[in-house]
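Working notes, structure below.
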Amino acid sequence: MDKKRAQIKSQFKVKFDAFMNKIGIEFENYDIYVQAFSHSSIINDLKLDKLSHNERLEFLGDAVLELTVSQFLYKKFPMLPEGKLTKLRASIVCEPSLVTFAMSINMNELLILGKGEEKTGGRERPSVVADAFESFIGALYLDQGLEVVEQFLESIVYPHVVDENYKANRDYKTELQEYMHKHGRGTVTYHLLEESGPAHHKMFKSEVLLNGEPLATGQGRTKKESEQNAAKKQLNKD
C-alpha cells in the first residue's frame, strides 16, 4: 500500500509541477496540494486517514474566494448596489463557473480519485471539479498567502467578468455526465463524425454515445462546440 501511495504521489508531482509552471506560480508546501486534489474516494483505496482528502481545504477555499471576489467586484463596479454585487458574486463562485475556470486550465487532470470514482467519470463531474478548484484556492492561500491567490484569480477568473451582466456558462457535457451517473446509466463518450468547410470557416459534427450507443449529434465551429451541442440536445431529450 505504501508503494501504491508513493507511485500516486510521484505521478501527481510530475503533472502538478508542469501545471504550476504553466500558470506561473511557485510553491513550497507540496503535500498540501496533494491533499487539495485528493478526492474522498481515494481514502478507502489507500487506507488513508479520514481527514486526508480535500474537504477541509475546500471549506477554507470557499471563504477565501468569497473574500477575494467580493473585493474585486467592490473595486470594479463602484456604482453597483449591494444587492447586485451579491448576485454577481454568486454567479462567479457557483459550481458551473468554477468548473469553467478549472477546465480552462485542465485542473481536473490533477485529481487523485479512487478507482470507482475514476470509472464513473468523476474527473468530469462538476461537483468534484468545482470542489477541487476551491480546495486549490485554500491550499494556495495557506502556502503562498492572499496576494498570490489574487494574482491567480486575476489571471484565471477575473478576465471572464467583463461587465455586471456576467452569468455562468452552462457546461452541457459535464451536466450530461452528471445526469447519467446519477441515474446509473453508464459512460458517456464523444466521437467526431465529420469535419467540413475551408480552414477559415470549418464546421464540425460530433455524436454523443452512452456505453458506445449513439444518442444525439451536434454541430459547431469547433470540435468542443459540436460536442457541447450534442450533449445539450441529449439533455433536452431527457
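Summary of computed values
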| item | result |
| --- | --- |
| Pairs with Cβ under 8 Å, 6+ apart, first in the range 201-221 and in contact (Cβ under 8 Å) with a residue 24 or more places away in the chain, second hydroxyl-bearing (Ser, Thr, Tyr) and open to solvent by less than 30 Å² (accessible area, probe 1.4 Å) | Ser206/Ser226; Thr217/Ser206 |
| Residue in the range 64-79 that is modelled with pLDDT under 95, open to solvent by less than 60 Å² (accessible area, probe 1.4 Å) and in contact with a Phe, Trp or Tyr (Cβ under 9 Å, 6 or more places away or on another chain) present | no |
| His191 being open to solvent by 50 Å² or more (accessible area, probe 1.4 Å), closer than 21 Å to Glu118 by Cα and not β-branched (Val, Ile, Thr) | yes |
| Scan of the range 195-218 for residues that are touching a Phe, Trp or Tyr at 6+ places or on another chain (Cβ under 7 Å) and either open to solvent by 60 Å² or more (accessible area, probe 1.4 Å) or in a helix (DSSP H, G or I) (or both), ordered by number | Glu195 |
| Looking only at the range 158-188, and only at residues there that are in a loop (DSSP other than H, G, I, E, B), open to solvent by less than 80 Å² (accessible area, probe 1.4 Å) and hydrophobic (A, V, I, L, M, F, W, C), the one that is farthest from Ala90 (Cα to Cα) | Val161 |
| The listed residue being under 30 Å from Asn211 (Cβ atoms) and assigned to a helix (DSSP H, G or I), out of Glu66, Glu109 | Glu109 |
| Hits in the range 41-52 (condition: within 20 Å of Glu109 (Cβ to Cβ) and surrounded by fewer than 17 Cβ atoms within 10 Å (Cβ to Cβ)) | Leu46 |
| Subset of the range 53-63 (residues that are closer than 27 Å to Lys167 by Cβ and surrounded by 15 or more Cβ atoms within 10 Å (Cβ to Cβ)) | Glu58, Leu60, Gly61, Asp62 |
| Some residue of the range 82-99 being modelled with pLDDT under 95 and outside any helix (DSSP H, G or I) | yes |
| Residue satisfying condition, being in a helix (DSSP H, G or I), under 27 Å from Leu176 (Cβ atoms) and open to solvent by 30 Å² or more (accessible area, probe 1.4 Å), within set Ser155, Ser127 | Ser127 |
| Filter pass, Asp31 being out of contact with any Gly (no Cβ under 9 Å at 6 or more places or on another chain), over 16 Å from Ala130 (Cα atoms) and assigned to a helix (DSSP H, G or I) | yes |
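The values are calculated or read from the model by the stated rules, or taken from the named source; none is laboratory data. Bear in mind the structure is a predicted one, so any value in this text is a computation, not a measurement. Note that each Cβ is placed from the backbone with ideal geometry, even for glycine, and that neighbours are counted across all protein chains shown. Calculation scope for accessible area: heavy atoms of the full protein, side chains included, ligands and nucleic acids excluded. Shrake-Rupley method; radii C 1.70, N 1.55, O 1.52, S 1.80 Å.
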